[in-house]
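Just so you know, all these numbers are worked out from the coordinates, no wet-lab data involved. Because the structure is predicted, anything quoted here is derived from the model rather than measured. Reconstructed Cβ throughout: ideal geometry from the backbone, glycine too, with neighbour counts over all protein chains shown.
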Amino acid sequence: MDLSTAIVNLIGLALIGWIAWYFWIYQKQGIQVAEVAGVQEVPITVKGGYDPDVIVVKRGKPVRLLFNRQESALCSEMVLFDKIDQSATLPEGETVRIEFTPEQAGEINFQCQMGMLRGKVVVE
């Protein structure tokens, strides 16, 4: 094996390691939602993904998620919450509310209708 083959192999292994870390090992810290007038409220920007995409809330208290879509991609025009059986159309440039009160600890996943954009609400 010559030097150039060894370098290419090392770069390939490094990329495989980075991909495995990013997609399967790394876990984002969620943002802790502030409570305003008894409601846990957080604005979420939709532009190439959800920002923030991990939201930490307390169970038993109302949650209000304010989605604001800032792009025209077809994938981001809806948000679906399977576990709480809610969905919403997200018109470009408008803020859309999703409200619910989580009763159990765990995760509530949300995604676009194509499943490409994903996020979750972590209930503590």
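Got at least one residue in segment 13-28 being under 17 Å from the mean Cα position of the chain (by Cα), surrounded by 15 or more Cβ atoms within 10 Å (Cβ to Cβ) and part of a loop (DSSP other than H, G, I, E, B)? No, every residue in segment 13-28 fails to be under 17 Å from the mean Cα position of the chain (by Cα), surrounded by 15 or more Cβ atoms within 10 Å (Cβ to Cβ) and part of a loop (DSSP other than H, G, I, E, B).
Can we say I44 is without any contact (Cβ under 8 Å) to a residue 12 or more places away in the chain and not in a loop (DSSP other than H, G, I, E, B)?
So I44 does not fit the description; no.
The set of residues from segment 29-62 being within 13 Å of the chain's Cα centre (by Cα), more than 22 Å from E94 (Cβ to Cβ) and either surrounded by fewer than 10 Cβ atoms within 10 Å (Cβ to Cβ) or among the β-branched types (V, I, T) (or both) comprises Q29, I31, V54, V56. On the stretch given as segment 47-70, residues that are out of contact with any helix residue (DSSP H, G or I) (no Cβ under 8 Å at 6 or more places or on another chain) and in a strand (DSSP E or B) total 12. Out of all the residues in segment 69-81, is one or more β-branched (V, I, T) and over 14 Å from G30 (Cα atoms)? Yes, some residue in segment 69-81 is β-branched (V, I, T) and over 14 Å from G30 (Cα atoms).
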